[in-house]
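Visitor: Take this structure, written in C-alpha cells, and hold onto it; I'll ask about it next.
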Amino acid sequence: MSKVAIITGGGSGLGQATAIRMAQEGINIAVVDVSEKGGNETVEKVKAEGVDAIFIKADVSKPEEVKSYVDKTVEHFGSIDYFFNNAGISGSGKFYLDTTIEEINQIVGINLLGALYGVRYVAEVMLKNGGGSIVNTASSAGVIGQDSVVTYSATKHGIVGLTRSMVAEYAKDGLRVNAIAPGPTETPMVRAFYEANPEMKANATGGIPQKRLGTPEEVAELVTFLLTSKAEYINGEVIRIDGGFTSTK
Ligand SMILES: NC(=O)c1ccc[n+]([C@@H]2O[C@H](COP(=O)([O-])OP(=O)(O)OC[C@H]3O[C@@H](n4cnc5c(N)ncnc54)[C@H](O)[C@@H]3O)[C@@H](O)[C@H]2O)c1
C-alpha cells in the first residue's frame, strides 16, 4: 500500500518542493497550510506526479486545528507514515529589544508550539500503527547564535530539543525523529526579498563558503531521504544543509 505523508507549510518553498519530491517516490500527501492558494497549487503539482493528495487548511499554532489536520488525514488515507513538520515564519529581522511581545508570541506560537502540537498528535497515530518517521525544520539559527533573529533562533533551538528528546522516549517503539538545519535557501519568499535588495543577497552569499544560496530541491532531497526507509538507522540527528555556513562559525 502507498505510504502517506503530512507536510505542514506545504503551500510554498521547502514544503512544496518536498511534497513534489515525495510524490515522485509514490507517496500520498496531505498538504497543510494557512494559504489556500499555495496549498491547492501544491496539491495540483503533487497529483500531476500520479499520487493522491489533499489540501487541509489549518493554522498550526492552534491545537484544535492541528488535531483536525491529523484526524482528516487519517480519515482520508487511513494512516500517517511520514511527517514533515515544517510550517514557520521568519520574523521582522529587528534586534530583540525592538520586537514587541505580540511578535514574540506569534513566532513562538507558529514555529515552536505549532511544531510541538504537530508531533504530539501525529506521533500518537504513528505509535498506534507501529511507528513512523518525522522531520522537523530547524535552521542554521537553531544551531548557532545570530543577531536580528533572537526569537526565531530560540524557536529553532527548541526544535532541536524536541527532536532529540522525542528519540529518547520513543525510538524503541519504532519512531524516528530528525531535524534539518537549512541555511539561507532560495524559496519564493527569500528570492523576492533578495530581488528587491540585491546588496543583501551579496552579503548573505559572501558569508557562505560555497558562495551561493541553497535550493528548495536540495532540501527536499534531504528530507525525503531522512523520512523514508533509506535512513532507517538515522535518529535524533540535526542535519545542516547550508553550504558550509555554520561550520565556519
Ligand atoms: N528559506 C530559508 O532560507 C530557510 C532557512 C532555514 C529554515 N527555514 C524554515 O523552513 C520552513 C519553511 O520555510 P520556507 O522558506 O519554505 O518559507 P515559505 O514562506 O516559502 O513557506 C512557509 C509556508 O508555511 C505556511 N505557514 C505560515 N504560517 C503558518 C501557520 N500558522 N499554519 C500553517 N501554515 C503556515 C505559509 O503559508 C507558507 O506556505 C520554516 O520553518 C522556516 O523557518 C527556511
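The values are calculated or read from the model by the stated rules, or taken from the named source; none is laboratory data. Quantities reported herein were computed from a predicted structural model and do not represent experimental measurements. Cβ sites come from the backbone with ideal geometry, for glycine too, and all protein chains shown count toward neighbours. Note: accessible area is taken over every heavy atom of the protein model, side chains too, but ligands, DNA and RNA are not part of it. Shrake-Rupley method; radii C 1.70, N 1.55, O 1.52, S 1.80 Å.
Visitor: Mind listing whichever residues of region 21-37 are within 14 Å of the ligand (Cβ to nearest atom) and open to solvent by 10 Å² or more (accessible area, probe 1.4 Å)?
Guide: Hits for region 21-37 are Arg21, Asp33, Val34, Ser35, Glu36, Lys37.
Visitor: Quick one: which of Val70, Val51, Val60, Val46 is surrounded by 17 or more Cβ atoms within 10 Å (Cβ to Cβ), of a type in the set (A, V, I, L, M) and away from the ligand (no atom under 15 Å from the Cβ)?
Guide: Being surrounded by 17 or more Cβ atoms within 10 Å (Cβ to Cβ), of a type in the set (A, V, I, L, M) and away from the ligand (no atom under 15 Å from the Cβ) holds for just one of Val70, Val51, Val60, Val46, which is Val51.
Visitor: Any residue at all in region 161-179 that is at pLDDT below 95 and among the hydrophobic types (A, V, I, L, M, F, W, C)?
Guide: Scanning region 161-179 turns up no residue that is at pLDDT below 95 and among the hydrophobic types (A, V, I, L, M, F, W, C).
Visitor: Quickly run through region 105-137 and pick out the residues that are surrounded by fewer than 17 Cβ atoms within 10 Å (Cβ to Cβ), more than 14 Å from the ligand (Cβ to nearest atom) and not charged (D, E, K, R).
Guide: Leu127, Asn129, Gly130, Gly131
Visitor: Can I ask one more? Kindly provide the set of residues from region 102-123 that are over 19 Å from the mean Cα position of the chain (by Cα) and not hydrophobic (A, V, I, L, M, F, W, C), ordered by number.
Guide: Glu102, Glu103, Asn105
Visitor: If a residue has to be open to solvent by less than 30 Å² (accessible area, probe 1.4 Å) and not aliphatic (A, V, I, L, M) to count, how many in region 74-96 make the cut? I'd like the intermediate steps shown before the answer.
Guide: Taking region 74-96 first, the residues open to solvent by less than 30 Å² (accessible area, probe 1.4 Å) are 77, 79-80, 82-87.
Of the ones still in play, those that are also not aliphatic (A, V, I, L, M) are 77, 79, 82-86.
Residues in region 74-96 being open to solvent by less than 30 Å² (accessible area, probe 1.4 Å) and not aliphatic (A, V, I, L, M): 7 in total.
Visitor: How many residues does region 218-236 contain that are within 12 Å of the ligand (Cβ to nearest atom) and open to solvent by 50 Å² or more (accessible area, probe 1.4 Å)?
Guide: Qualifying residue count for the region: 1.
Visitor: So which pairs qualify, if the first residue must be in region 94-114 and under 23 Å from Leu162 (Cβ atoms), the second must be more than 15 Å from the ligand (Cβ to nearest atom) and not in a helix (DSSP H, G or I), the Cβ gap must be under 9 Å, and the two must be at least 6 apart or on different chains?
Guide: What qualifies is Tyr96/Asp147; Glu103/Lys94; Ile107/Thr99.
Visitor: Right, another one. State whether the residues of region 3-16 include one that is more than 27 Å from Pro63 (Cβ to Cβ) and either in contact with a Lys or Arg (Cβ under 6 Å, 6 or more places away or on another chain) or modelled with pLDDT of 95 or more (or both).
Guide: Scanning region 3-16, I find no residue that is more than 27 Å from Pro63 (Cβ to Cβ) and either in contact with a Lys or Arg (Cβ under 6 Å, 6 or more places away or on another chain) or modelled with pLDDT of 95 or more (or both), so the answer is no.
Visitor: Please go through region 138-154 and give me each residue that is open to solvent by 40 Å² or more (accessible area, probe 1.4 Å) and more than 18 Å from the chain's Cα centre (by Cα), ordered by number.
Guide: Of region 138-154, the ones open to solvent by 40 Å² or more (accessible area, probe 1.4 Å) are 143, 145-147, 150, 152, 154.
Residues satisfying the conditions are Gly145, Gln146, Asp147, Val150.
Visitor: Further question on the same structure: Answer yes or no as to whether Tyr194 is open to solvent by 20 Å² or more (accessible area, probe 1.4 Å) and either more than 16 Å from the ligand (Cβ to nearest atom) or over 18 Å from Ile107 (Cα atoms) (or both).
Guide: For Tyr194, the condition - open to solvent by 20 Å² or more (accessible area, probe 1.4 Å) and either more than 16 Å from the ligand (Cβ to nearest atom) or over 18 Å from Ile107 (Cα atoms) (or both) - is met.
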